[in-house]
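These notes are about the structure you will find just below.
The values are calculated or read from the model by the stated rules, or taken from the named source; none is laboratory data. Worth saying up front: this structure is predicted, and the values here are computed from it rather than measured. Ideal geometry is used to build each Cβ from the backbone, glycine not excepted, and the neighbour counts take in all protein chains shown. Side chains are part of the model used for accessible areas, which takes the heavy atoms of the whole protein and leaves out ligands, DNA and RNA. Shrake-Rupley method; radii C 1.70, N 1.55, O 1.52, S 1.80 Å.
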Amino acid sequence: MTKVVKFGGSSLASAEQFKKVKEIITAEDSRRFVVPSAPGKRFPTDIKVTDMLYGCYDLAVKGMDFTDQFNAIKERFYSIIKELGLDLSLEKEFEVIKACFIGKAGRDYAASRGEYLNSIVLANYLGYNFIDAADVIFFNDQGQFDSKKTKKVLSARLETLDNAVVPGFYGSMPNDTIKTFSRGGSDVTGSIVASAVNADLYENWTDVSGFLTCDPRIIKNPAPITTITYRELRELSYMGATVLHEDAIFPVRKAGIPINIRNTNKPEDPGTMIVESTSQKPKYTITGIAGKKGFTVVNIEKAMMNAEVGFGRKVLEVFEKNGICFEHTPSGIDTMSVVVHQAEFADKEQEILAGLHRNCHPDSIEIETDLALIAVVGRAMKSNRGTAGRIFSALAHAHVNVKMIDQGSSELNIIIGVSEEDFEAANKAIYDIFVETKL
Ligand code: ASP
């Protein structure tokens, strides 16, 4: 059995956290390949090492003195090394990094040093091999992840080793410069490593016990999700349930490797298993609820719209030409609505309105702002009659006016549009009816 274990920044923010991580890793022989993030926040107002590195590099690029900021980064690592009692000096590494900052080696290079150094420290502490991600994770000339080359080199490299620590978040470009994934990208590295070693499981250790059935800022202590499919996860993550980087799913999903989200601070919790498919019945009819505020609806009305072939295309073409993605397009006989992200739309509003008038000659266009969307997601909804009925009667009882409904043909989710001020009440009502009353 081989497991790849990825630890997030808060799991490795201090020596105390390092000790928990070592305990977790040594508890099972299968935990052979480790992917760490850079040290994260130790307390809410703390600054992540990655952000400290970005800040420091920005000063360096402007030719400003960055000694204090650089020393603060050194101090983060030295306090960990000292408290763990390690016989390890990073002085030479820091000299190289400082020279590269002065030589303007790039923002990605700067940011990547958090994972690089943290991995050296963790490898030393565990007695594991250290493999620099720059030697095994590759991007192509366009800056896209090169999965073919990476798999070949990474698999061959790790095959020869019993254990290894591979820094998350970065790799190298064909010209040998460093490139990072987007923020939170160590999750992606973990997934790539899991796929390269054909792991039985990819454990992603963080500071929460997996995905929750509802946003904990709205519902206090919501029930955890024990098992979720990749498709359900995609629906929930898209609507804001962010525990895992979106791009972390693809490499392991393709290789048929499940992901287990675990809590470093509560290793006894089973966390959430993310799987391709499962015969396990979810505890509740719904797997989870997630939602987002900040949508605008553009309502277009035109008599006899239904008879005009190509009307929908003409409407969407205007959005396309302005580089705006649409979220949903509920329609009636003589009406069509386009739901878009408010912030994106606001920048292009007048161009889009002019374009719609020119392209579609509507009778009227109305814009409604401050809409919130809520996704009620669950693989069990398909086989359960009356799910929609329960949702809408719960919303009616909570005096929430439903502005939009969209149920996909997969019957995996129901999307509900409500006014932003009803967002919390709507979430609560849906959570209560399915989870609290266990319907
Ligand atoms: N350290 C990087 C960040 O803060 C990457 C990661 O933690 O996954 O985004």
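Observations on the structure shown:
- Any chance PHE43 is aromatic (Phe, Trp, Tyr) and either in contact (Cβ under 8 Å) with a residue 40 or more places away in the chain or touching a helix residue (DSSP H, G or I) at 6+ places or on another chain (Cβ under 7 Å) (or both): no
- Single unsatisfied condition, LEU154 versus (1) within 16 Å of the ligand (Cβ to nearest atom); (2) open to solvent by less than 30 Å² (accessible area, probe 1.4 Å): (1)
- Any hit, region 135-150, residues being over 22 Å from the mean Cα position of the chain (by Cα), within 30 Å of TYR78 (Cβ to Cβ), without any contact (Cβ under 8 Å) to a residue 60 or more places away in the chain and part of a helix (DSSP H, G or I): yes
- Taking the listed residues ILE405, ILE414, the one that is open to solvent by less than 10 Å² (accessible area, probe 1.4 Å), on the phi < 0 side of the Ramachandran plot, touching a strand residue (DSSP E or B) at 6+ places or on another chain (Cβ under 9 Å) and assigned to a strand (DSSP E or B) is ILE414, with no other qualifying.
- Look at (1) within 16 Å of the ligand (Cβ to nearest atom); (2) charged (D, E, K, R); (3) under 26 Å from GLU276 (Cα atoms) and you find that GLU232 fails only one, number (1).
- Among the residues making up region 205-227, those that are in a loop (DSSP other than H, G, I, E, B), over 16 Å from ILE374 (Cα atoms), over 16 Å from the mean Cα position of the chain (by Cα) and not aliphatic (A, V, I, L, M) are LYS220, ASN221, PRO222, THR226.
- Picking from residues in region 1-15 that are among the polar types (S, T, N, Q) and within 11 Å of the ligand (Cβ to nearest atom), the one that is most open to solvent (accessible area, probe 1.4 Å) is SER10.
- When region 219-261 is filtered for residues that are of a type outside the set (D, E, K, R), within 19 Å of LYS3 (Cα to Cα) and free of Cβ contacts under 8 Å to residues at least 24 places away in the same chain, only GLY256 remains.
- Those strands (runs of 3 or more DSSP E) lying entirely in region 275-383 with at least 3 residues of a type outside the set (Phe, Trp, Tyr) and surrounded by fewer than 19 Cβ atoms within 10 Å (Cβ to Cβ): 288-301, 364-377
- All positions within region 182-220 that are within 13 Å of the ligand (Cβ to nearest atom), among the β-branched types (Val, Ile, Thr) and closer than 25 Å to GLY288 by Cα: VAL188, THR206
- Of all residues in region 75-97, those satisfying the criterion of being among the charged types (D, E, K, R), under 31 Å from the mean Cα position of the chain (by Cα) and open to solvent by 40 Å² or more (accessible area, probe 1.4 Å) are GLU75, GLU93.
- Verdict on ALA429 being in contact (Cβ under 8 Å) with a residue 40 or more places away in the chain, buried (at least 16 other Cβ atoms within 10 Å of the Cβ) and small (Gly, Ala, Ser): no
- Qualifying residue in region 110-124 (condition: more than 29 Å from the chain's Cα centre (by Cα) and surrounded by 15 or more Cβ atoms within 10 Å (Cβ to Cβ)): yes
- Test: residue in region 228-245 that is surrounded by 18 or more Cβ atoms within 10 Å (Cβ to Cβ) and of a type in the set (Lys, Arg): no
- Looking across region 39-62 at every residue that is in a helix (DSSP H, G or I) and within 11 Å of the ligand (Cβ to nearest atom), the one that is surrounded by the most Cβ atoms within 10 Å (Cβ to Cβ) is identified as VAL49.
- Top-ranked residue of region 157-181 - restricted to ones that are part of a loop (DSSP other than H, G, I, E, B) and more than 18 Å from ALA123 (Cα to Cα), ranked as nearest to the ligand (Cβ to nearest atom): PHE181
- Meets criteria (free of Cβ contacts under 8 Å to residues at least 24 places away in the same chain, of a type in the set (Val, Ile, Thr) and under 21 Å from ASP406 (Cβ atoms)) for THR329: yes
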